[in-house]
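Student: To start, I am sharing the structure in question, which I have written as structure tokens.
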Amino acid sequence: MAPTYSFPILGNHEIIACLGELDIPLTEQDLLKPHTDTLYNAYEEMVVLLCGETRDTMYAPELDAVDVLEFPELYEEAIGNLKFTRRLFDLMRRCGVPDFTLRDLTKPEYSRTRRNVSAVINFAKFREEKVATYEAANEESVAMEQRYSSAKRKNADLKAQIKRLEIAKLSEKETEDETRSAIEKLKVVRADVESRRDAALRKKTAAQQELDVLHDEVNVGSSDLHKAETEKMELEGKISTVNPEMTKLLKELTAKCADAQRGLDAATAETRELEAKAVGMKETSRDIQKTSEYMEEVVVARTCWALQPKSKASLFYLSAG
């Protein structure tokens, strides 16, 4: 019973035609009467074509062997031949010929050579059919890799943007807390200023009342002094005809006038001092009033700023969340 294979055994003419398309030098005579040299070159071309390794690379000297072998120059060709043999055995195994041996190179036979070459041609055709599929899949893979890289970069950018928004939100929260704290402090300061203003207004009212009383006393004293001066002048006009008792009375009245004058001077000085204090109290009251108004404006401005709509970045973050 003839053995069966996973590939068709091709005719001689078909084999030669396919090898010609692959630029592999082999004639029908070389196939019918295979020789080591001709088959070696043909197999070498098959390995270079289907294994993706150039002849120069395959026969390049191994630099690592220089330190191991005593005379590495004697093994240059042997190492290259060994590489080629391994590549060829691997290729035949993949083509469905697991029983390929060195005898197929050193003492080739027509039937086995025809089978081996048919296996390689079948594999080459299969590879050619699948190359387009592979290239399309590879292009799709490259495109997917590019899309993945783009999505990865976009994801990184979005994460960075989210991080910036979180930091901005935290900063805004800290600023809002600081604003609220500042507003509370300003409210306390405002209450203190208003308290001092009320106290100053009460002092001003009391000082004004005292000033009014002193003004009344000054007016009364002035009236009394005027009367005393009038009486003094009348008495001085009559002094030549007045008895000693009247003279004594006149002296007493003069002393009273002097006392009244000194009291009036003292009252006038105290009144001026109180008026100066009243002027200072008025200026202090105006300063306190201006300070209170400024504090109210600051509190209103702070409150309006705290109630303003959030920034676009915060709105974007909140909508994204």
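The values are calculated or read from the model by the stated rules, or taken from the named source; none is laboratory data. None of the values given here were measured: they were computed from a predicted structure. All Cβ positions, glycine included, derive from the backbone under ideal geometry; neighbour counts span all protein chains shown. Only protein heavy atoms, including side chains, enter the accessible area calculation; ligands, DNA and RNA are left aside. Shrake-Rupley method; radii C 1.70, N 1.55, O 1.52, S 1.80 Å.
Student: Do we have V142 as aliphatic (A, V, I, L, M) and within 20 Å of C18 (Cα to Cα) here? Quick ask: steps written out before the conclusion?
Tutor: Values: aliphatic (A, V, I, L, M): yes; within 20 Å of C18 (Cα to Cα): no.
No.
Student: Is it the case that A207 is over 26 Å from L307 (Cα atoms) and surrounded by 12 or more Cβ atoms within 10 Å (Cβ to Cβ)? Quick ask: steps written out before the conclusion?
Tutor: On the way: over 26 Å from L307 (Cα atoms): yes; surrounded by 12 or more Cβ atoms within 10 Å (Cβ to Cβ): yes.
In short, yes.
Student: Six or more apart or on different chains, Cβ atoms under 6 Å: show the pairs whose first residue is in region 109-124 and free of Cβ contacts under 8 Å to residues at least 24 places away in the same chain and farther than 11 Å from I15 by Cβ and whose second is in a helix (DSSP H, G or I) and open to solvent by less than 60 Å² (accessible area, probe 1.4 Å).
Tutor: Listed by first residue and then by second, the contacts come to R112/D104.
Student: Also, quick follow-up: Could you please give the count of residues in region 260-284 that are within 60 Å of the chain's Cα centre (by Cα) and in contact (Cβ under 8 Å) with a residue 60 or more places away in the chain? Steps first, answer last, please.
Tutor: First, pick out the residues of region 260-284 that are within 60 Å of the chain's Cα centre (by Cα): 279-284.
Then drop every residue that is not in contact (Cβ under 8 Å) with a residue 60 or more places away in the chain, which leaves 281-282, 284.
Total satisfying the criteria: 3.
Student: Could you tell me which residue of region 33-49 is nearest to L88 (Cα to Cα), considering only residues that are of a type in the set (V, I, T) and touching a residue at least 40 places away in the same chain (Cβ under 8 Å)?
Tutor: Going through region 33-49, the residues of a type in the set (V, I, T) turn out to be 36, 38, 47-48.
Checking the rest, the ones that are also touching a residue at least 40 places away in the same chain (Cβ under 8 Å) come to 36, 47.
Working: T36: 14, V47: 6 Å.
Only one residue fits best here, namely V47.
Student: Let me ask another. I need a count of the residues in region 102-111 that are touching a helix residue (DSSP H, G or I) at 6+ places or on another chain (Cβ under 9 Å) and open to solvent by 60 Å² or more (accessible area, probe 1.4 Å). I'd like the intermediate steps shown before the answer.
Tutor: Kept after step one, since they are touching a helix residue (DSSP H, G or I) at 6+ places or on another chain (Cβ under 9 Å), are these residues of region 102-111: 102-110.
Those still in the list that are open to solvent by 60 Å² or more (accessible area, probe 1.4 Å) too: 102-103, 106-107, 109-110.
Residues meeting the conditions: 6.
Student: For the list (1) in contact with a helix residue (DSSP H, G or I) (Cβ under 8 Å, 6 or more places away or on another chain); (2) more than 16 Å from Y59 (Cα to Cα), I need the number of the one condition that L88 fails.
Tutor: Single failed check for L88: (2).
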